[in-house]
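Chemist: Next up is a structure, given as structure tokens.
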Amino acid sequence: MYMKAIYKTLILSAGVIYFTSCSDFLDQSSPSEMNDETVFNNTYYTNLALNKVYGDLTQDQTYSSFLPIVCGLNTDCELVDGLGVDASNTSNERGCMNYNCSPGWSRLANVWDAMYKLIENTNLVIEGVEASPLLNPSEDTSEARALKKTMLCYRAEAKTLRAMVYLDLIRLFGDIPFKMERSQSDLSNAYLGKTDRDEIMDSLITDLEEIIPDLPWAGEDGYTTEHVTRGYAHGLLANIALTRAGFAIREKAKEGYIEGENSDPVYPTQRCDDETRAKMYKLAEQHLAAVINSMKHSLTTSVEEYWRQMNVCELQTVQPENLFEIPMMLNKSGELGYTVGFRVSGASSYFGLKGNSSGKLKLTAPYFWSFDHSGKDTRRNITCALSEFSTDKDTKAFRETLSGNKPFSIYCGKWDYRMMAGNTSWLEAVRAGDASAKICSGINVVKMRYPHVLLMYAEAVYENYKTESAQGVDADGNVCVMTAKDALLAVHKRAYADADKAVGEAFIEKVIADKGFMGAIMDENAWELAGEGVRKFDLIRWNELSNKIDEFKEAYKECVNLADQAGGYPSKVYYKYKTTAVYADQEIDMNSINWYEKPSSTSGFESKDFWGKELNDSKGQEQLTINLPSISSGLNKEVKNRYLLPIASTTISTSNGNLYNSYGYAN
């Protein structure tokens with residue numbers, strides 16, 4: 001592979017390293033250039049070299065926009081903003097994330113180049129540290145031991161970041177070039193072909209097992225979750241192991257592998273043999289149990305409080321819920337809250353002249369409907385934004401309005417201008433911007449949080465012991481403090497107020513009875529993690545992506561056909577405005593809405609046509625007959641289960657004949 005991005009921006013000659021940074025905690029002065037001997041003989045400059053990697057995580061084509069927002073689309077609960085004819089447009093996100101991608105899509109090469117540049121920078125740090133005399137001091141003094149410990153930690157951070165990037169590249173492209181060394185100035189190791197992704201994951205697992213002891217836990221040695229720490233390395237290793245154990249579309253059938261449902265005859269969907277699968281699930285159990293037993297991470301007291309803290313950029317420092325969050329910087333990086341989030345349309349004195357959210361990421365109506373109909377699960381109204389703030393065309397008042405009969409236009413409310421306003425720096429910046437200004441939110445991108453650890457643990461333990469009452473064991477033989485069911489219940493019940501936790505427990509017990517324990521884990525995965533770029537890749541390894549998309553479409557049609565009946569969507573909903581609020585008489589009281597039946601008295605309520613109206617609505621019928629089939633329309637069209645992206649034509653053309661496309665994509 002010709003690593004063209006690297007040579008454009010990074011390596012010039014004789015191992016010279018050029019430093020840039022673009023994140024708030026990375027925003028520091030450094031020499032413009034140094035040689036390796038100077039850099040890696042000094043912990044301060046080695047840290048700057050590592051910070052270069054963290055800085056590159058904040059680019060739009062890596063983890064500011066593409067990875068957290070775009071690449072996790074489409075699933076049964078998350079949609080890219082593109083329906084009908086837009087869904088077949090191969091030259092932009094609307095078509096490409098509906099699985100109708102073309103190698104000519106310009107963004108593919110940008111993502112590929114940026115991700116491999118990240119890998120190159122991690123390789124530079126790793127090799128620099130390993131060649132450093134600080135790892136082999138001539139004298140055994142306390143100072144020398146401290147310096148060695150610091151350098152080993154920096155190497156461990158770089159290796160963890162490298163593993164993270166490789167896993168994400170595998171998820172996007174499948175088999176890819178794999179390089180664990182820095183590029184040579186003569187390009188002798190720059191042209192590489194593909195390596196089987198299973199070999200890559202095996203290597204990453206070995207690498208992580210070696211360096212985990214060199215990392216501190218969050219809260220130790222001054223490390224926060226804006227660095228990779230031991231907890232994240234454990235969680236990442238477990239995630240890689242579960243991915244290795246799971247299903248994937250293959251370039252060709254692999255001997256001894258097991259074929260799954262919805263498998264293409266040319267490019268089969270397979271998983272590894274049972275022995276390897278059991279080994280991977282055991283690894284996942286051990287590393288997830290280590291995180292839980294450490295007591296270094298925990299669930300925030302409530303879902304509302306967790307998302308408030310994320311929206312105001314408040315970093316947790318004691319038993320944080322996040323295991324690793326990529327640090328963004330206000331006005332410099334971070335699309336969360338702007339490109340995705342609760343919809344604020346147009347200018348206001350509250351939030352400035354611009355407004356926000358292109359609605360690139362939408363949620364589905366059946367997903368909203370899948371939550372506990374008691375209405376006690378607080379995640380439903382936080383996650384699914386069925387309203388927006390906008391200026392009324394008649395009264396000119398800036399007011400919240402229900403979206404009404406728009407079942408494909410549910411915004412993801414986890415990132416919300418109303419919560420973000422609690423960050424005075426953000427509020428000042430967005431009010432000072434003009435109508436054309438995009439104000440990057442600075443909200444950190446979370447790569448893993450504790451609820452995902454608990455759900456992966458519940459899955460691994462249940463798979464390994466075939467009972468929900470089993471407790472996992474870490475690599476040192478310590479029994480985990482939680483059973484598989486404890487972990488699932490912890491995630492689910494956290495979403496309910498103290499007075500309603502019995503309601504939450506009864507609901508999830510019914511889900512377990514109806515769908516089995518693994519079915520309940522899959523549902524909980526959606527309720528907890530929708531919109532966060534997680535679900536798609538879990539569905540893929542479970543070989544449930546296509547099934548769940550089909551289920552969501554059937555559920556949608558069934559609920560429409562049962563309009564105004566038990567289980568069906570209502571044709572009209574009734575609501576009131578708050579009388580005491582930050583935006584008094586402008587903000588809807590969501591607790592006043594009974595989505596599932598008409599109130600006994602509608603006096604004092606306002607009303608809005610809703611999803612069930614589609615039975616007698618021409619636009620609604622169009623959504624049923626045209627838009628619904630267009631969603632994820634390319635997933636099984638040319639090749640079954642083709643969820644992977646193609647390699648860009650420009651990348652292939654500069655690969656010296658080493659790269660090519662599979663899965664029916666043209667080169």
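Chemist: If you average the C-alpha positions of the stretch 616-667 and of the stretch 352-412 separately, how far apart do those two centres end up, in angstrom?
Modeler: The distance from the Cα centre of the stretch 616-667 to that of the stretch 352-412 comes to 28 Å.
Chemist: Would you please give the FRET efficiency between Glu554 and Thr141, computed as 1/(1 + (r/R0)^6) with r the Cβ-Cβ distance and R0 = 51 Å, to the nearest 0.05? Present the calculation step by step, with values, prior to reporting the outcome.
Modeler: Working: r = 69 Å, r/R0 = 1.35.
E between Glu554 and Thr141, to the nearest 0.05, is 0.15.
Chemist: Looking at the square roots a ≥ b ≥ c of the eigenvalues of the Cα gyration tensor of the stretch 175-266, which shape do they give, rounded for a/c under 1.5, prolate if a/b is larger than b/c, or oblate?
Modeler: Oblate.
Chemist: Just to confirm my numbers, what's the Cα centroid distance between the stretch 554-576 and the stretch 37-94 in Å?
Modeler: The stretch 554-576 and the stretch 37-94 have Cα centres separated by 38 Å.
Chemist: Modelling each spin label as a point 7 Å along the Cα-to-Cβ direction, I'd like the Ser374/Val266 distance in nm, to one decimal.
Modeler: 5.2
Chemist: How much net charge surrounds Tyr465 when only other residues with a Cβ under 14 Å from its Cβ are counted (Lys, Arg +1; Asp, Glu -1)? Walk me through the intermediate numbers first.
Modeler: Working: positive: Lys282, Lys466, Lys485; negative: Glu285, Glu459, Glu463, Glu468, Asp486.
Around Tyr465, the surrounding residues sum to -2.
Chemist: Taking square-rooted eigenvalues a ≥ b ≥ c of the alpha carbon gyration tensor, is the stretch 249-329 rounded, prolate or oblate, where a/c under 1.5 means rounded and, failing that, a/b exceeding b/c means prolate?
Modeler: Verdict is prolate for the stretch 249-329.
Chemist: What nm value, rounded to one decimal, do you get for the distance between Asp274 and Asp564 when each label is placed 7 Å out toward the C-beta?
Modeler: Taking the simple label geometry, Asp274 and Asp564 are separated by 5.5 nm.
Chemist: How would you rank 508-518, 97-107, highest first, on the average number of other Cβ atoms within 10 Å across their residues?
Modeler: By packing density, highest mean first, the sequence is 97-107, 508-518.
Chemist: Which value in nm describes the separation of the simple spin-label points at Thr195 and Ser607, placed 7 Å from the Cα toward the beta carbon?
Modeler: Going by the 7 Å Cα→Cβ label model, 6.4 nm.
Only the coordinates and a few stated rules stand behind these numbers; no lab work does. All figures in this text were calculated on a predicted structure; none of them were measured in a lab. Neighbour counts run over all protein chains shown; Cβ positions are idealised from the backbone, glycine included.
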